[in-house]
Every structure is written in structure tokens, then in C-alpha cells.
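K.L.:
Quick one: the structure is below, questions incoming.
The values are calculated or read from the model by the stated rules, or taken from the named source; none is laboratory data. The shown structure was predicted, so the numbers you read here are calculated from the model rather than taken from an experiment. Every residue, glycine among them, receives a Cβ derived from its backbone with ideal geometry; neighbour counts consider all protein chains shown. The accessibility values were calculated without ligands, DNA or RNA, using every heavy atom of the protein model including side chains. Shrake-Rupley method; radii C 1.70, N 1.55, O 1.52, S 1.80 Å.
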Amino acid sequence: MRLRPDKLGVPMGALLAVSLALPMASLRANRIAAAEPQGLFAALPSAWAAGLLALAALAVAVALFARDPRLRLALPVAMLLALFVAIGEAGRTLAAEAGDYARVAPGAGFWIGAFALSILFTDAIIRLDLSPLGRLGVLAASSLALALILMTGQWDALSILAEYRGRAAAFWREGGHHLQLAFGSLAAALVAGVPLGILIHRVRWLREPVLNGLSLMQTIPSIALFGILIVPLGWAAANVPGAAELGVKGIGMAPAFVALFIYSLLPMVANTTAGLTAVPEGVREAAAGMGLTRRQQLISVELPLALPVVLTGVRIVLVQNIGLATIAALIGGGGFGTFVFQGLGQTATDLILLGALPTVALAFVSAVFLDAVIDLLPAAAR
Amino acid sequence: MRRLAGLFLRLGLLALVLAFLLAPSAFRPLLEPFAPEGAPAIYDRASLLSLTVSHLLIVIAAIVPAILISLGLAILVSRPVGAEFLPLSRAIVNIGQTFPPVAVLALAVPVVGFGTWPTLIALFLYGLLPIFENALAGLTGLRPSVAEAARGSGMTGTQRLVQVELPLALPVMIEGVRISLVIALSTATIGSTVAAKGLGEVIIAGLNSSNLAFVLQGGLLTGALAVILYDGLGQVARLADRRG
């Protein structure tokens, strides 16, 4: 029998091998000094480096030749964990040599290696053909592993956590603002969008103008919409009794909230209508034949059947809002964008990462979670 | 009658945008109420025309390679050779779309520095996904009877691709380009936070000096460009659909 290498294993194995030759970490004498790349053996004690190399060789071999999906999952997971622990170790090793102000960050080798392993990991999960609950389990286990690494202080010597320590209180406050903006505007869009979707499903001539109008709002660039809303909200705060007490202000969270709400409406309304339209005519007739009123038909038959499509709308909106909420920082609305834009202003990469990585992680977890929930719905509803 | 009205609306919007770009000062009275006392109502640090041109150039320079690459990838994974990669490529597209554009933009800065490059990279990466997804949907969603008929008439794999599958998938592919284009036009405005030349410069100048006139002209211009391009490509897709 001839061994034929796996088609995905070839490029990803090669990428993993190359990543080990690239600088594993970068060292700067202080926060703004130029970065000096550090190879695997410079960054780590030699036992660690050799162990990592051996594990990588095994991972490449499995990626190339193994057929069993469980083995194809186990090796990338082990190697990813080893890489994550090792980068913390590299931080301690390099910082101990270079002094108190030194900053150690993951280098190109780390990122490229982690990328190749994540692709192999994703591929193995697809080959395993996990159930939705299984996917949720993998998500929970990965989050737990990451939380453990963070809580045990394994990464404390890395520069992104040095940035975090300097502003831990601000980090959690802005994180809270970010969640309030993303989830709050989603809730508002649900409350307004689902009824509007039902309305334009029933009243056919309203459909085109409403959907076109909402599409038009989407073309306005987000930073402009955030800025334009400053005026009406500022006016409302000054002139509508009680508005200012509710926290409505021209700058800050209020215009950001309203802008996210406006962007959320189109996916919510369009998906509600699409879900209702897809309910088979026969089902509707059967419900009417059973003597259900129009209202009962909607609540106990049509909406449950439309639920997966509506939830797909929720997923689109949530992922989009988590991303767009970063823009709120430009108009004083807070959120993780605060760190991204501060970091861009100070050309401080670690500060950019402190804002960008949690945003990416939040969006990713929300998407995987909602995808699994949609797949968990009874098959009849899909 | 409706088509005539649509034509007038389109030409009117195009004329309005061109008039504003060529003679912005004629619109000063309209924008003056939104500018603070004594502040300029029309952006004056660079010509709006040149900013619009460089905004469009960045978008085109990012979207054209995105079209070529994602189309190539979609063709690859829809052939028997690449079929193994089909589920994985779907998963990567799905995950990739969860990355917020701002984060991609900000993460590109440490790698390539400030200026046009990070914006180009972010727009390119973000443009790939919708185009790939739609091209794939177009190529894999053909009715089996069509592929069967093409095979039965003795066409080779390449002939089937070029003469049957690609023309039939064209309208769906163009839809992906439309989505990518609107996202890119809007995301390019954020590029100005990393010093890319474009209409975002006007909006950000307006936010920094509380000059709503600037925010309005930058935002509405970008929005109008998006509507014109989205609508124009929609017409192209309709033509392709009729022919296909």
C-alpha cells in the first residue's frame, strides 16, 4: 500500500514547519522601542524548544498521513495547548534576561503556527461530524482552557497582559459597555423588527418600500451614521422632557446605540418576513381548518416554523453589532474600540490587540453558539 | 412608466453627486446650517473630488484581486480535485465573516504600518468572503439536469465550466460582488483612522471638530456612491440573468 499524503495536511504541515523556523516571540527593551525577533531556541529554555519541535514533528506526521479523525483532532489540540503554554514561558524567559521594562509579544512564528493548527483543528471537527451539542461542548472546553491559561497567570509576562494590568478596571468597564451596546441594540431590534416583519408579511404593498428604505440606511458608512445621530439626540436631550434623565445625550452611548439599532433592523425584518413566507401553504390551511384564529395561527404555527430563519437574523445582527460597536469609541460611546483607537493613536500594538482580540473572540463565540442553537431546533422547524 | 422613473432617479442621483464633487461651493447654503459658527461648511483641507477618487481607487484595488482569488478558489473546491476542501472552505468563510472589519484593519497596522496598505488588506480580506460564498453557491447550486445535459453532449470539464456553469452562476456571483463592494465602500471610511486617503477623512475631521456639515457630506457622498454602484451592478446582474 502506498501512503498518499492528505491534501490539506501538505500545506498546513508545511506552514507549521515553517512557523517553527520563524521568530517565536519579539522582544522590546521598553513599550515603544523597536522589536527584536527571537527564534525558538533564543526564546525558550532548550528542553522546552526541543519538546515543542518533537511535538510539531508528530503533529505534521499526523496531519500528513493519519486517517482517524480523533487522532487528527488530538494532535493539533495538544500542540496548540503546548504552543500557548510555551509562549507564556518564552515571556518569562526573555523578560528575566532583559529587565523590568522589557516587553515580550508573540512573534510571526507563533501566529502562523497557531493559524495552521486552528485550520487542522477545524478540519478535524468537520471530519468528526459533531452534533450541535458536541460543537457546544468543544466551544465550552476551548473557552475553559483559555480561561485557565489566563487565570493561572501563564501569560502574565506577555506585553498584552502588561497593557491589561495597567487598565484592568477600564477594560471591564468598556467590555460592559461593549456588551450593552451589542446586546441592547439587538434586543431593541428584536422588539421592533419582528412585529415590523410580521406587518410587511401581511400587508404586501408595504414590503418593498420598507425593505428598500432599510437597505438604504445600510449604505451610510457607520462612522458617518454615528456622527449624524449626534444632532437629533442632542436636540432630544435638550428639548424632550425626561430624555436627558434617561441618559439620552448627543455624544456617548446613545447615538451609538441608535445607530446599531438602525443597522440591525434590516436583517431582523427581512429574515422575519422570509421565515414567514417560507411556511408552506398547506400548513397554514390546516391550521385555519382546525379553527385557529389568525392570531393563534401566527403564534402557535407560523412563528415557531419561522424561528430558525429569525434566529439566523439574530446571528447576523449580533455578529455585526459586536464588530460595529468598536466604532462607538470614536464618538465617546466606549466599548473595546476605545483601546483599538487609543492603540492606533499611540502606535502601541499591544493596546490595539487588547481591544481587538476580545472583540474577535466575542463575535466568534456568539456565532458558533447561535449556529449550534439553530441546528438544535427540532428538524420540523427547519 | 416605472422603469422610466427609475432611470430618472438614477441619473438624478449621479448628476447630484457629480455636481457636488465638481462645484461643492454651490452647495454651501445647504450645509451652512450644520456647521458651527465661523467654521467652513465645505471640507477645505483637500478637494472632495480627489478624496472620492482615491476612496474609489482603494476599493477597486482591493476588490478586483478579491474577485479573482475567491472566484479561483470557488472553482477549485467545486471541481472533483478540490471537493475534499469544500466543507472546510465553507467553515473558514463562516468563521472569517465573524471577524469585525475594524479589528482586521487595526490588526493589519502593526504588520504593514499606517497608510493605504492596512486599509487595502482589510478591504481585500473582507471582500473575499461574500464573493467566495456566492460564487460557490452559484457553482454548486446548478440543477443536476443541466450538468447532466452538458456531460451528455460530450463537453469536457473545462468546456462545461466555461460555457455552462460560469454563465449560469454569473448573476449569483455578481450579487456577491455587490455585497462586498458596499461593505468595502463603508469600511474604507474607517481606513482614514489609519491615515488612508478617502472620504473617511472628511467624516473624522467633522467628528473631531464637531462640524456636522463635514460628517454629512462625507457620509452622504459615501452612501450615494454605494447606492450608485450597488444599483449599477444590480442592472448588470439582471442583464446576465436574462442572457443566461
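K.L.:
Over all pairs of distinct alpha carbons, what does the Kirkwood formula give as the hydrodynamic radius of chain B, in Å?
P.N.:
It is 20.0 Å.
K.L.:
On to the next question. Would you mind telling me the share, in percent, of accessible area of chain A contributed by carbon and sulfur at probe 1.4 angstrom?
P.N.:
71 percent
K.L.:
Count charges around residue A:127 for me, please; just the other residues with Cβ under 14 Å from its Cβ, Lys/Arg as +1, Asp/Glu as -1.
P.N.:
So the surrounding residues net to +1.
K.L.:
Treating only the Cβ of Lys, Arg, Asp and Glu as charged (+1, +1, -1, -1), what charge dipole size does the protein assembly as shown show about its Cα centre? Round to the nearest 20 debye.
P.N.:
Value, rounded to 20: 1260 debye.
K.L.:
Which of A:168, A:39, A:17 sits closest to the plus end of the dipole of the protein assembly as shown, meaning its Cα is farthest towards the positive end, when Lys and Arg get +1 and Asp and Glu get -1 on the C-beta?
P.N.:
Working it through, the farthest residue towards the positive pole turns out to be A:17.
K.L.:
Turning to a different aspect of this structure: How much accessible area per residue does the protein assembly as shown have, in Å², with a 1.4 Å probe?
P.N.:
Per residue, the protein assembly as shown has 47 Å² of solvent-accessible surface.
K.L.:
Cα centroids of region B:142-194 and region A:140-213: how far apart, whole angstrom?
P.N.:
32 Å
K.L.:
Once amide H atoms are placed 1.01 Å from N in the peptide plane, what residues at a sequence separation of 5 or more from residue A:36, or on another chain, have their amide H within under 5 Å of its amide H?
P.N.:
A:27, A:28
K.L.:
In addition: Find how much the distance from residue A:115 to residue A:204 grows on full extension, using 0.36 nm per residue of separation minus their present alpha carbon separation; answer in nm with one decimal.
P.N.:
Separation in residues times 0.36 nm, less the Cα-Cα distance, equals 27.2 nm.
K.L.:
What is the dipole size for region A:70-153, taken about its Cα centre, with +1 at each Lys and Arg Cβ and -1 at each Asp and Glu Cβ, in debye to the nearest 20?
P.N.:
Value, rounded to 20: 260 debye.
K.L.:
Read phi for every residue in region A:345-352 and hand back ³J(HN,Hα) as whole Hz from Karplus 6.51 cos²θ - 1.76 cosθ + 1.60, θ = phi - 60°, with x for Gly and Pro.
P.N.:
x, 9, 6, 9, 4, 5, 5, 4
K.L.:
Per residue, how big is the convex hull of region A:9-158 when only Cα atoms are used? Give it in Å³.
P.N.:
So the per-residue hull volume is 103 Å³.
K.L.:
For region A:72-81, take each phi angle, set θ = phi - 60°, evaluate the Karplus expression 6.51 cos²θ - 1.76 cosθ + 1.60, and give the result in whole Hz per residue in order, putting x for glycine and proline.
P.N.:
Once rounded to whole Hz, the list reads 5, 7, 5, 5, x, 5, 4, 5, 4, 4.
K.L.:
222 nm [θ] for chain B, helices only, -39500 (n - 2.57) per DSSP H run of 4+, per residue, to 500?
P.N.:
Computed mean residue ellipticity for chain B: -25000 deg cm²/dmol.
K.L.:
Continuing with this model, one more query. Across region A:206-216, in residue order, what do the Karplus-derived ³J(HN,Hα) couplings come to in whole Hz, using 6.51 cos²θ - 1.76 cosθ + 1.60 with θ = phi - 60° and x for Gly and Pro?
P.N.:
Working through the residues one at a time gives 6, 4, 4, x, 5, 5, 5, x, 5, 5, 4 Hz.
K.L.:
Per residue in region A:330-353, which ones lose no less than 30 Å² of accessible surface when going from chain alone to all protein chains (1.4 Å probe)?
P.N.:
In region A:330-353, residues shielded by partner chains: A:330, A:341, A:344, A:349, A:352.
K.L.:
Continuing with the same structure: Over the whole of B:104-117, what's the average partner chain Cβ count within 10 Å per residue? Rounded to a whole number, please.
P.N.:
What the average comes to for B:104-117 is 4.
K.L.:
What dipole magnitude, in Debye to the nearest 20, does chain B give about its Cα centre under +1 on Lys/Arg Cβ and -1 on Asp/Glu Cβ?
P.N.:
680 debye
K.L.:
Then there's this: For helix A:9-21, report the angle its Cα long axis makes with the longest principal axis of the Cα atoms of chain A; keep it between 0 and 90° and round to the nearest 10°.
P.N.:
50 degrees
K.L.:
At 222 nm, what value in deg cm²/dmol follows for chain A if DSSP H runs of at least 4 each add -39500 (n - 2.57) and the sum is divided by all its residues, to the nearest 500?
P.N.:
When only DSSP H runs of four or more count, the value is -24500 deg cm²/dmol.
K.L.:
What percentage of the solvent-accessible surface of region B:45-243, computed with a 1.4 Å probe over protein heavy atoms, is contributed by carbon and sulfur atoms?
P.N.:
69 percent
K.L.:
Mind checking which of B:8, B:225, B:105 is farthest towards the positive end of chain B's charge dipole, using Cβ charges of +1 (Lys, Arg) and -1 (Asp, Glu) about the Cα centre?
P.N.:
B:8
K.L.:
Taking the C-alpha atoms of chain A, how large are the radius of gyration and the largest Cα-Cα span, Dmax, in Å?
P.N.:
Rg, Dmax (Cα atoms, Å): 25.4, 82.
K.L.:
Let me ask something else. Using the C-alpha gyration tensor of region B:32-96, what are the square roots of 5 times its eigenvalues, in whole angstrom, with the largest one first?
P.N.:
Semi-axis lengths for region B:32-96 are 46, 15, 6 Å.
K.L.:
Can you pull out the buried accessible area for chains A and B, both sides counted, probe 1.4 Å, rounded to the nearest 100 Å²?
P.N.:
Approximately 3200 Å² gets buried when A meets B.
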